[in-house]
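Colleague: Structure below; questions to follow.
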Amino acid sequence: MHGFANPRRFLGLAKRLTPILLVVGLLASTGAIAWGLVMVPPDRLMGETVRIIFIHVPTAWLGMAGWMTIAGSSLALLVWRHPLAALAARAAAIPGAVFTAICLATGSIWGRPTWGTWWVWDGRLTSMLILLFLYLAYIALSQAVDREGASSRLPAIFGLVGAVNIPIINRSVVWWNSLHQPPSITTGGSSIDGVFLWPMLIAMLGFTCLFAATVLMNMRALLAQAQAEARLRRRAMEAEPA
């Protein structure tokens, strides 16, 4: 992990990985969505609305994975003081929030014909909405810390505390009565028919690659901004009269 603490080494790796992840992500996600829209038959119970699964499930996964990236980076900052950990957490926040918002929107669209309502205050939907609010709070906090020059430990602590919501999201349909279906993919296997499962898994791979590419691009931008600000401060100090 500390092998990539050197910004130059990290930037070299990120520069090579970003286009690969973008190409793989675009091909896999668009191919899987096209597969799901054209080749997959309607579901026996849900009909054509089942096709939203190829966007809803990957975005739900990445909404939670995005916060786990924040939590993991926050832990690396607080315990090992990794110099790029704070940048990684900030870089994952906006993509994670976007995927969470898409998950909520597609879930609402899916719920209207399936449940007869756009929204219900059950455990899964409510905890996912809380995750979106956590993202927005983290983004605001990290931007305020950066603007005021405060300690980056504050958003890191918030990132770790907010991770408590992830297992709640995951287990909510088991712990409470819910309109939302129970887990379809577990360690014991999958209850999803292979006709739907394979394009969904490919879509998850594609969206994950796009998420990773976006995080790397954000980290490169944040690192470039930090380096530019450091150079400006150094020049300002050198220009000050003795």
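The values are calculated or read from the model by the stated rules, or taken from the named source; none is laboratory data. Everything numeric in this text was worked out from a predicted model, so none of it was measured. A quick note on method: Cβ atoms are made from the backbone with ideal geometry, for glycine too, and the neighbour counts reach across all protein chains shown. When the accessible area is computed, the model is the full protein with side chains, heavy atoms only, and any ligands, DNA or RNA have been set aside. Shrake-Rupley method; radii C 1.70, N 1.55, O 1.52, S 1.80 Å.
Colleague: Could you list all residues from segment 151-168 that are assigned to a loop (DSSP other than H, G, I, E, B), at pLDDT 95 or above and of a type in the set (Gly, Ala, Ser)?
Modeller: 163
Colleague: For segment 55-74, indicate whether the set of residues that are of a type in the set (A, V, I, L, M, F, W, C) and more than 18 Å from the chain's Cα centre (by Cα) is non-empty.
Modeller: No, the conditions are met nowhere in segment 55-74.
Colleague: Continuing with the same structure: Can you find, within segment 150-180, the residue that is least open to solvent (accessible area, probe 1.4 Å) among those that are under 22 Å from the mean Cα position of the chain (by Cα) and farther than 19 Å from residue 131 by Cα?
Modeller: Of all residues in segment 150-180, those under 22 Å from the mean Cα position of the chain (by Cα) come to 152-173, 180.
The next check asks that each one be farther than 19 Å from residue 131 by Cα; those that pass are 152-153.
Values: 152: 47, 153: 106 Å².
Ranking the candidates gives 152 first.
Colleague: Still on this model: If you check residue 110 against the conditions, is it farther than 21 Å from residue 224 by Cα, among the aromatic types (Phe, Trp, Tyr) and out of contact with any helix residue (DSSP H, G or I) (no Cβ under 8 Å at 6 or more places or on another chain)?
Modeller: No: the conditions fail for residue 110.
Colleague: More than 19 Å from the chain's Cα centre (by Cα) and of a type in the set (Phe, Trp, Tyr): is that true of residue 35 in this structure? Outline the logic, then answer.
Modeller: Numbers: more than 19 Å from the chain's Cα centre (by Cα): yes; of a type in the set (Phe, Trp, Tyr): yes.
Criteria met by residue 35.
Colleague: Residues 90, 44, 81, 51: which one is of a type in the set (Lys, Arg) and touching a residue at least 40 places away in the same chain (Cβ under 8 Å)?
Modeller: Answer to the selection: 90.
Colleague: Could you list all residues from segment 70-108 that are at pLDDT 95 or above and β-branched (Val, Ile, Thr)?
Modeller: 70, 94, 98, 100, 102, 106
Colleague: Before we move on, is residue 115 open to solvent by 10 Å² or more (accessible area, probe 1.4 Å), closer than 18 Å to residue 129 by Cβ and of a type in the set (Phe, Trp, Tyr)?
Modeller: It is true that residue 115 is open to solvent by 10 Å² or more (accessible area, probe 1.4 Å), closer than 18 Å to residue 129 by Cβ and of a type in the set (Phe, Trp, Tyr).
Colleague: With respect to residue 22, determine if the residue is aliphatic (A, V, I, L, M), touching a residue at least 24 places away in the same chain (Cβ under 8 Å) and out of contact with any His (no Cβ under 6 Å at 6 or more places or on another chain). Before the answer, list the steps.
Modeller: Details: aliphatic (A, V, I, L, M): yes; touching a residue at least 24 places away in the same chain (Cβ under 8 Å): yes; out of contact with any His (no Cβ under 6 Å at 6 or more places or on another chain): yes.
Criteria met by residue 22.
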